[in-house]
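> Let me begin by handing over the structure; questions about it come next.
The values are calculated or read from the model by the stated rules, or taken from the named source; none is laboratory data. Values in this document were obtained by computation on a predicted structure and should not be read as measured data. Here Cβ is always computed from backbone atoms with ideal geometry, including for glycine, and neighbour counts include all displayed protein chains.
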Amino acid sequence: MTTALFVVLAVTAVVAGALVFRVDSMARATFLLLLSFLAVAGLVLMTGLQYLGVVIVLMMVIEMVVMAIFMIMYMMNPAGLMPMSMFHNTRGAAVIAVTTFVALAGGALLVDWPVRGGRPAADLTMALGESLMGGQMLTMMTLGVTLFATIVGTVVLAAGRGRYDRLGDELDAPASDDRDRGGVGR
Amino acid sequence: MDLRSALLRAAVGCPHALVVPAPGTDRLRARVEQELARRRWPIASAPADADLVVVVGRPGRELAAVVDDIWVGVPAPRTLVRIADEDEVAAALDGVVRRLADADAQRAAASRSGSRARPPDPSPGGRSHGDGGHDELGPGEHDDHSAHTASDGGHHHHGGGMELPGGLAMADLGEDRDGLALDQLHVSLGPVLPEWPSGLVIDVVLQGDVIQEARSRFLDLDEQGATERLPDAARALDTAARVLALAGWEGPAARARGLRDALLSGADTAHVPEELDDLRRRVRRSRLLRWTFRSAGAGRSEILDALDDVLASAGVAVAGTGEEGHVGIDLATLDARLVGAQFAAARLVVAVADPQPRPAPDLPTAPGGAS
Amino acid sequence: MSAAPPLGLSILLPILLLAVAWAAVAADVLAAGRAAGRPVPWAVAAVTPAREALRLLVGQRRRTVGGDELLRGVGGAVLPIAALLAAAVLPLGMRPVADLGAGVVWFNAMEVFAWAAVWLVGWGSNSTLSLIGGYRFVAQGLAWELPHMFALITAAVGAQSLRVTDVVAAQGGLWFVLIMPVAFVAFLLSVAAMAFWGPFSAPVGRDVAGGAAAELAGVDRLVFVAGRWLLLVAAAAMAVPLFLGGGHGPWLPAWAWVLVKTLAVLVALVALRHRIPTIRMERWTEFSLVVLTPATIAQALVVTLVVLGEGGF
């Protein structure tokens with residue numbers, strides 16, 4: 001039963017991932033990728049890491065849908081079933097992909113995995129949190145803040161109109177001159 | 001079999017009606033809406049949601065083509081009613097449920113017509129009917145391949161442009177308001193949209209949901225017969241009802257419509273001024289409405305001010321004290337206002353401007369009069 | 001993972017959800033009639049959900065030319081399934097169908113599927129208005145998701161567990177709504193928002209002719225609309241274990257309290273809905289990110305400090 005489930009999830013993950021490059025609709029490609037990720041989340045759940053598995057589902061759904069929005073920006077045709085090629089540098093990409101796959105799969109099969117010594121903790125979510133946030137607290141916090149700063153920095157650099165354009169050099173305009181005001185009015 | 005027909009009757013007992021008014025039939029349309037509300041038949045938002053298409057007035061050539069297009073997208077069981085006179089309204093709607101529940105006739109009609117909707121047993125050729133590729137893009141919205149060049153022909157020019165499966169126009173690139181080169185789409189809005197002026201079509205260039213270019217026109221201008229206009233008060237209430245409905249405030253919208261109908265039928269209008277005041281007070285006091293309508297310019301809301309003006313003019317007209325009518329807007333001004341607006345805002349702008357096919361001869365067209 | 005889900009409860013859950021959704025639709029019809037000044041009789045309102053469902057069952061399905069039928073179908077089906085799966089961690093009485101260790105996160109993950117579902121339906125219909133409806137929901141989703149997550153986290157922090165039954169157990173004395181009112185309000189707002197309902201119905205708004213659902217007919221529309229109501233019911237019901245003490249209460253058995261409280265939340269939502277207009281996306285987004293998100297973070301901080309002060313963790 002467990003083996004069957006594993007095989008189904010593993011095959012789904014790989015096949016859906018490969019199909020991403022076979023379909024000619026951006027929407028289908030996006031959601032096939034999502035399917036692949038969901039299968040991986042299922043595999044993570046099978047290892048008993050409930051929290052991680054569910055968080056993968058959560059993040060991937062949001063991520064793929066946000067990606068779909070960018071897709072509309074660059075291609076507004078709804079449904080978009082027009083056959084189109086989404087490949088660049090096909091040969092190089094194929095070489096990289098195959099090499100990576102062989103390396104990873106080879107590693108997984110050839111490495112002499114250690115035998116489990118202890119027993120899994122009673123509450124894996126708690127154990128995961130403690131191992132991440134106990135000894136590695138500083139690393140995780142630095143990582144988190146760095147990532148967040150990167151996101152904010154990218155947006156600030158990319159935005160054509162920042163807050164100084166909208167609210168004046170001293171940021172003292174009573175309201176912005178946006179055509180469409182937000183709900184707060186700044 | 002008996003149970004089946006009973007179930008079918010129950011299923012179609014409360015049909016959703018899609019109202020397709022010809023330009024200049026506001027009075028008749030109001031009468032139809034009143035009768036639908038009396039029967040508690042919901043107004044459909046789109047052809048897909050409709051069981052019943054009510055064609056109000058005598059459509060000209062262009063609108064007739066639109067009706068044909070829409071009819072293809074209405075799922076069976078379905079029926080179409082043409083109403084050209086106020087006396088026919090109740091009688092025409094009376095037969096609707098019986099016809100919808102007539103399974104044999106529905107089935108025969110479904111197999112006859114080239115319905116785009118999937119037949120009950122999907123046949124391999126199910127998709128072939130789209131051969132002309134001119135089905136509507138959305139509810140009452142027609143893709144117009146020639147929109148880039150000149151778009152005031154009919155709805156069925158599918159000449160140039162790149163043909164996609166299904167005959168949609170390929171989107172092209174354009175600069176957005178932040179200077180990014182993004183896709184834009186040429187679509188026509190109307191003439192069959194909820195809370196939309198009769199017979200109006202606006203060809204827009206849409207980027208995301210921001211309108212970049214707009215050109216409004218009325219269908220069948222050349223063959224339009226005598227227009228029957230609503231009295232000032234009723235028209236103002238009609239406009240207010242549309243704006244409120246677009247704002248998603250269904251209750252007050254229905255009340256405004258009820259007041260309009262009371263004025264039109266002239267039966268019992270004693271309560272109208274009081275309820276009108278009440279409605280106006282509610283609109284002015286709603287902070288959420290003010291918040292959601294508020295546009296550029298601190299604290300002021302053009303739409304809300306216009307809505308308040310409309311309600312005030314309704315009050316004036318009901319009281320019969322002044323001759324200040326609700327002034328229409330000319331299409332060029334409307335187009336200018338739509339450019340740069342988001343879709344939701346644009347819908348409100350159109351609803352509150354409420355353009356009419358021909359400006360009233362005795363009233364000067366005052367740009368900006370509606371706000 | 002805990003023991004296999006009890007069979008009885010798993011069969012009961014969809015039936016219960018549908019029954020409560022029925023009641024919610026009927027209440028909505030009543031409230032709409034009253035708001036419009038055209039009251040609907042009780043009997044008519046009570047049969048309206050069944051009649052509308054029957055209408056859509058009888059109605060023909062419909063395909064749009066050039067539409068992506070596969071994606072649209074998947075999107076429509078995902079909506080009710082997501083609602084059902086989200087409800088799996090809902091304690092009916094004291095016991096849920098699946099008492100997951102990360103139940104609160106599970107609930108969140110399942111309801112996020114609505115994003116994908118609405119977007120897919122809007123996109124797959126090959127109609128501009130549907131598409132606008134579809135991405136309106138994503139904009140809305142980005143705005144409500146953060147306050148929503150912080151509201152969930154606050155409840156979890158208060159109980160020091162992600163397990164929904166633990167959250168209920170922690171409210172034996174004091175309901176969480178009293179110590180985390182901001183989180184509760186944010187949660188209720190996001191309940192309506194995730195079901196794109198009431199003031200958050202712009203994705204299926206009248207101005208876009210039904211938005212994401214504009215091209216749906218027959219069974220497709222039934223599944224979509226039913227899925228939306230189920231989502232609303234499941235999310236509203238989740239407010240009970242998270243903030244309203246779950247099955248705790250005097251005199252009545254736990255299941256009855258859950259039912260009563262769920263119905264109360266729904267009645268409050270329905271009554272409020274007809275008093276207010278739809279909120280525009282651009283307004284809501286800024287308010288949500290600039291006001292609501294910091295407010296919920298502050299709420300989470302306060303609750304965390306209280307828990308630490310009481311010697312938690």
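> Considering A:Val95, A:Val55, A:Val44, which residue is at pLDDT 90 or above and not assigned by TED's automatic domain parsing to the domain that holds A:Phe6?
Working: A:Val55 fails: not assigned by TED's automatic domain parsing to the domain that holds A:Phe6; A:Val44 fails: not assigned by TED's automatic domain parsing to the domain that holds A:Phe6.
So the residue among A:Val95, A:Val55, A:Val44 that is at pLDDT 90 or above and not assigned by TED's automatic domain parsing to the domain that holds A:Phe6 is A:Val95.
> Evaluate the following for C:Phe200: is it within 14 Å of chain B (Cβ to nearest Cβ), surrounded by 23 or more Cβ atoms within 10 Å (Cβ to Cβ) and at pLDDT 90 or above? Give the derivation first.
Numbers: within 14 Å of chain B (Cβ to nearest Cβ): yes; surrounded by 23 or more Cβ atoms within 10 Å (Cβ to Cβ): yes; at pLDDT 90 or above: no.
Taking the combined requirement at face value, the residue does not satisfy it.
> Looking at segment C:235-245, can you tell me whether even one residue there is at pLDDT below 85 and away from every other protein chain (no Cβ under 14 Å)?
Going through segment C:235-245, the residues at pLDDT below 85 turn out to be C:245.
Those left that are additionally away from every other protein chain (no Cβ under 14 Å): C:245.
Yes, some residue in segment C:235-245 is at pLDDT below 85 and away from every other protein chain (no Cβ under 14 Å).
> For segment C:121-130, which positions are within 18 Å of C:Val225 (Cβ to Cβ) and either at the interface with another protein chain (Cβ under 7 Å from one of its Cβ atoms) or hydroxyl-bearing (Ser, Thr, Tyr) (or both)?
Taking segment C:121-130 and keeping what is within 18 Å of C:Val225 (Cβ to Cβ), we get C:121-122, C:124-125, C:127, C:129-130.
Those that are within 18 Å of C:Val225 (Cβ to Cβ) and either at the interface with another protein chain (Cβ under 7 Å from one of its Cβ atoms) or hydroxyl-bearing (Ser, Thr, Tyr) (or both): C:Gly124, C:Ser125, C:Ser127, C:Leu129, C:Ser130.
> From the list B:Pro23, B:Pro15, which one is part of a loop (DSSP other than H, G, I, E, B) and away from chain C (no Cβ under 12 Å)? Full working, then the answer.
Values: B:Pro15 fails: away from chain C (no Cβ under 12 Å).
Selected residue: B:Pro23, the only one of B:Pro23, B:Pro15 that is part of a loop (DSSP other than H, G, I, E, B) and away from chain C (no Cβ under 12 Å).
> Okay, moving on. Filter segment C:239-256 down to the residues that are of a type in the set (A, V, I, L, M, F, W, C) and out of contact with any helix residue (DSSP H, G or I) (no Cβ under 8 Å at 6 or more places or on another chain) and list them by number.
Going residue by residue through segment C:239-256, those that are of a type in the set (A, V, I, L, M, F, W, C) are C:239-240, C:242-244, C:251-252, C:254-256.
The answer is C:Trp251, C:Ala254, C:Trp255, C:Ala256.
> Under 18 Å from C:Arg228 (Cα atoms) and crowded, with 24+ Cβ neighbours inside 10 Å: does that describe C:Ala102?
no
Condition check ((1) surrounded by fewer than 18 Cβ atoms within 10 Å (Cβ to Cβ); (2) touching a residue at least 60 places away in the same chain (Cβ under 8 Å)) across all residues:
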| site | (1), (2) |
| --- | --- |
| C:Ala32 | no, yes |
| C:Ala43 | yes, no |
| C:Ala50 | yes, no |
| C:Leu54 | no, no |
| C:Gly59 | no, yes |
| C:Asp68 | no, no |
| C:Arg72 | no, yes |
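> I've got another one for you. I'd like the full set of residues that are among the aliphatic types (A, V, I, L, M), in contact with a Ser or Thr (Cβ under 8 Å, 6 or more places away or on another chain) and part of a loop (DSSP other than H, G, I, E, B), limited to segment B:44-90.
Restricting attention to segment B:44-90, the residues satisfying the condition of being among the aliphatic types (A, V, I, L, M) are B:44, B:46, B:48, B:50, B:52-56, B:63-67, B:70, B:72, B:74, B:76, B:80-81, B:83-84, B:89-90.
Then keep just the ones that are in contact with a Ser or Thr (Cβ under 8 Å, 6 or more places away or on another chain); that gives B:52-53, B:56, B:72, B:76.
Across segment B:44-90, the qualifying residue is only B:Ala76.
Per-residue answers, yes or no, for (1) outside any helix (DSSP H, G or I); (2) in contact with a Lys or Arg (Cβ under 8 Å, 6 or more places away or on another chain); (3) at positive phi:
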{"position": "C:Arg63", "(1), (2), (3)": "yes, yes, no"}
{"position": "C:Gly67", "(1), (2), (3)": "yes, no, no"}
{"position": "C:Gly75", "(1), (2), (3)": "no, no, no"}
{"position": "C:Ala83", "(1), (2), (3)": "no, no, no"}
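> Tell me yes or no: at least one residue of segment C:170-185 is under 15 Å from the mean Cα position of the chain (by Cα), farther than 22 Å from A:Val55 by Cβ and surrounded by fewer than 22 Cβ atoms within 10 Å (Cβ to Cβ).
yes
> Identify all residues within segment B:247-298 that are within 23 Å of C:Arg273 (Cα to Cα), without any contact (Cβ under 8 Å) to a residue 12 or more places away in the chain and away from chain C (no Cβ under 11 Å); write none if there are none.
B:Arg281, B:Arg285, listed by residue number.
> Checking A:Gly48 against (1) more than 25 Å from C:Leu71 (Cβ to Cβ); (2) part of a helix (DSSP H, G or I), which single condition isn't satisfied?
(2)
> Filter segment C:131-148 for residues that are facing chain A (nearest Cβ under 7 Å) and more than 16 Å from the chain's Cα centre (by Cα) and give the result.
Result: C:Leu131, C:Tyr135.
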